[in-house]
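Below is one structure; the comments refer to it alone.
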Amino acid sequence: MKSSARIMYGLGTFLLIMTVIYFVATTKVSDSGNIQGIEWAGGTGLVLATGLCVMLGGYFHFTERRMDLLPEDWEEAEIEDGTGMLGFFSPGSIWPAVMSGAVAVLGFGIVYMHYWLIAFGAMLLIWSATMLNLQYGIPKEKH
């Protein structure tokens, strides 16, 4: 088992123990020994977090079995062993700034509950994301 799966399984085990302790600590018992109530909000969150960690650990466990040895799991690995191609990032693109402005317009529309501003911000965000993705795919005019 590789390191990512171990981390998730360990975190899931810790959360399971904390869930049991939380339910025991927040249970109200009356003088006659009857259980009056359990605090469900925090317990539900802990149960869901435990389930998510175990599911993610299982995913890592099954996918890492089919992979070669990763640099994280090799004792004598160097930093350069884990580096690779990160992708192409345009140095002079205006579209990330336009997208930031669109998110701001959309956020202001949500904050002030102006539906026309929400719609305008959403359309601006969709347009700017499309233009960001297509900035090198649209051919330049030849005239």
Practice task
With respect to GLY33, determine if the residue is within 30 Å of ASN133 (Cα to Cα), open to solvent by less than 90 Å² (accessible area, probe 1.4 Å), modelled with pLDDT under 80 and not charged (D, E, K, R).
Solution key: no
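Condition check ((1) without any contact (Cβ under 8 Å) to a residue 40 or more places away in the chain; (2) open to solvent by 40 Å² or more (accessible area, probe 1.4 Å)) across all residues:
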site	(1), (2)
MET18	yes, yes
ILE38	yes, yes
GLY43	yes, no
ALA49	yes, no
VAL54	no, yes
PHE60	no, yes
ASP73	no, yes
ILE79	yes, yes
Practice task
Go over the candidates GLY92, GLY107, GLY87 one by one and state the one that is of a type in the set (Gly, Ala, Ser), over 30 Å from LYS2 (Cβ atoms) and open to solvent by less than 50 Å² (accessible area, probe 1.4 Å).
Solution key: GLY107
Handout entry: Residues within the stretch 30-85 that are under 23 Å from LEU11 (Cβ atoms) and assigned to a helix (DSSP H, G or I), tallied
Key = 29
Exercise for the section: Please work out which one of (1) in contact with a helix residue (DSSP H, G or I) (Cβ under 9 Å, 6 or more places away or on another chain); (2) modelled with pLDDT under 95 is the condition MET18 fails and give its number. Expected result: (2)
Handout entry: Candidates SER4, SER30, SER90 - the one that is in contact (Cβ under 8 Å) with a residue 40 or more places away in the chain, out of contact with any Gly (no Cβ under 9 Å at 6 or more places or on another chain) and among the hydroxyl-bearing types (Ser, Thr, Tyr)
Key = SER90
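The values are calculated or read from the model by the stated rules, or taken from the named source; none is laboratory data. Just so it is clear, the model here is predicted, and its values are computed rather than measured. A quick note on method: Cβ atoms are made from the backbone with ideal geometry, for glycine too, and the neighbour counts reach across all protein chains shown. Quick note on the areas: whole protein, heavy atoms, side chains included, nothing else; ligands and nucleic acids left out. Shrake-Rupley method; radii C 1.70, N 1.55, O 1.52, S 1.80 Å.
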